[in-house]
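The values are calculated or read from the model by the stated rules, or taken from the named source; none is laboratory data. None of these values were measured; they are calculated from a predicted model. With ideal geometry, Cβ positions are generated from the backbone for all residues, glycine too; neighbour counts draw on all protein chains shown. Heads up: the accessible areas ignore ligands, DNA and RNA and are worked out on the full protein's heavy atoms, side chains in. Shrake-Rupley method; radii C 1.70, N 1.55, O 1.52, S 1.80 Å.
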Amino acid sequence: MDQVIGKGVAAGALTDSEVEEILVEALCALPLDGQRVLILVPDGTRTFPMPLYFRMLTRHLLPRARAVDFLVALGTHPAMPEQALLDLFGLTAQEKATTYKNVRLLNHAWDHPDALTLLGSVPADEIDALSGGRLRQEVPVRLNRLVLEYDHLLVCGPVFPHEVVGYSGGNKYFFPGIAGSDIINFTHWLSALITSYHTIGIKDTPVRRVIDRAAAFIPRPRHALCSVITHEGVAGLFVGSTEAAWSAAADLSAVRHVVWKDRPFRQVLSVLPAMYDEIWVGAKGMYKTEPAIADGGEVIIYAPHLHEVSVVHGRLIRQIGYHVRDYFTAQWDTFKHIPGGVLAHSTHLKGSGTFTGGVERPRIEVTLATGISESECRALNLGYRDPRSIDPAAYANREEEGVLLVPKAGEYLYRLKPARG
């Protein structure tokens, strides 16, 4: 398939029938008859109608393909237990045991060496060029070895503004989605050096260039079904190569997922939905609002249901706390042993700022109003508010005062309109 098959709308959403028509046309254009097909999908930390896509894909692929299996592109997120997998795909245990008994639902295991294979390495001189001279080192390309057990790889997931790569989706489902720790830590630290503030919502980024280069090592055909999901539903679906389909979806995401504001806000209340159950993913409530917050302003992450910093990385995060980028780069010998992904998360949540003369000065304040205790917030170098003291409704309709309420934070990016003249 050389061209992109798809459709997007600037307002409203496609019907399920329209989505299926696009999907059927695209699948018919792919040589999948008799093939073993592996489909990479997101976990539950993204808004995505996975049950709809699962039913459509299996309905149209099972009669053609020799095998159709799904691999959850977890990156370094925790593995999903069996019931969570069933919920993700909208299946009952009986359906899985009968109608879909031959369809495997699989978790990626980034920290299991036996689950990975080395496909090659991106040379240091290429990394130097791709990163804009920020880093120069050879980067091993390790990926889940399942990619070698299938004839065709499909990516099926949403495209949103993203703090590490600019816009999610496409080859990001391979790196970090089903990758090993080397390239995960490298790409995240590269994004931290650039900062989320100067990455999120930008289409062409050094990190995107690195993951597209790494994807060229995959010795299997790759195509993607890239969707743009809004509060109204599926605003667009584009199918083609992982690069071309992503590009079309990112263009639509820039229209549907970016909210432009006339002036910066002194305070933002980001209300996290239940799908964010730890700060590792819930920090998106800060990333997506940071560009619209005034210097010296505050973002409050409001999530009474959230009690965990990170199941996987919590120990290391508690060890280093949350700090601006320059805090780490100025003391690199002290922190260079910490995985780049953890350092990146720390700097992304703390936001932009400076570290001079041993004094850290973040551009904005980040406050947690969650189930995480005050003592832990202070130890992490974050502010604290008792969530019981906050009524989100009291923050509504106050934009003229410099106060913004984001009721379902984490996926829509807030930006300031360019100054005129």
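Under the rule a/c < 1.5 gives rounded, and otherwise a/b versus b/c splits prolate from oblate, where does segment 164-207 land using the Cα gyration tensor? In terms of gyration-tensor shape, oblate. Label reach from Glu243 (point 7 Å along Cα→C-beta): in segment 31-52, no amide nitrogen lies under 14 Å. Each of Glu360 and Thr47 was given a label point 7 Å from its Cα along the Cα-to-Cβ line. The distance between the two points is 3.2 nm. Label-to-label distance for Thr99 and Ala294 is 5.5 nm, based on points extended 7 Å past Cα in the beta-carbon direction.
Taking a spot 7 Å from the Cα of Asp251 along the direction of its beta carbon, which residues of segment 182-201 have an amide N less than 17 Å from it? Under cut-off, by backbone N: nothing. Between the C-alpha center of segment 180-243 and that of segment 347-389 there is a gap of 28 Å.
Rg over Rh for segment 1-137 works out to 1.04, using Cα positions for both radii and the Kirkwood form for Rh.
Pairs of Lys residues in the chain are counted when their Cα atoms are under 19 angstrom apart and they lie 8 or more places apart or on different chains; the count is 16. Lys172 exposes around 30 Å² of accessible area when a 1.4 Å probe is run over every protein chain in place. Length gained on full extension, Glu21 to Leu118: 31.1 nm, using 0.36 nm per residue less the C-alpha separation. Between Ala11 and Asp128, residue separation times 0.36 nm minus the direct Cα-Cα distance comes to 38.0 nm. Look at the alpha carbon pairs under 8 Å that are at least 6 residues apart: their mean separation over the length of segment 39-97 gives a relative contact order of 50 percent. Once the 1.4 Å probe is applied to the protein heavy atoms, the chain comes out at 40 Å² accessible per residue. Given the choices [x] 96, 56, 48; [y] 63, 50, 47; [z] 118, 54, 51, Cα extents along the principal axes in Å derived from the coordinates of this structure is entry [y]. When you filter the GluC sites (Glu not before Pro) in segment 307-371 for DSSP loop state and at most 10 other Cβ atoms inside 10 Å of their Cβ, nothing is left. With a Förster radius of 22 Å applied to the C-beta separation of Leu86 and Glu308, the computed FRET efficiency comes to 0.45. Computed on segment 117-234, with alpha-carbon pairs under 8 angstrom and 6+ residues apart, the relative contact order is 33 percent. Only the Cβ atoms of Lys and Arg (+1) and of Asp and Glu (-1) were treated as charged; on that basis the dipole of segment 304-410 about its Cα centre amounts to roughly 320 debye. Rolling a 1.4 Å probe across all protein chains gives Leu416 an accessible area of roughly 60 Å². Rounded to the nearest 500, the helix-only mean residue ellipticity at 222 nm of the chain stands at -8000 deg cm²/dmol, with each DSSP H run of n ≥ 4 adding -39,500 (n - 2.57).
Were the residues from Asp326 through Arg420 laid out at 0.36 nm apart, the gain over their Cα-Cα distance would be 30.7 nm.
Counting heavy atoms of the protein chains alone, Arg266 has an accessible area of about 120 Å² for a 1.4 Å probe.
Largest accessible area first, the listed residues Phe355, Phe89 line up as Phe355, Phe89 when surface is computed with a 1.4 Å probe on the assembled protein chains.
Highest mean packing comes first when the peptides 46-55, 186-195 are listed by Cβ atoms within 10 Å, giving 186-195, 46-55.
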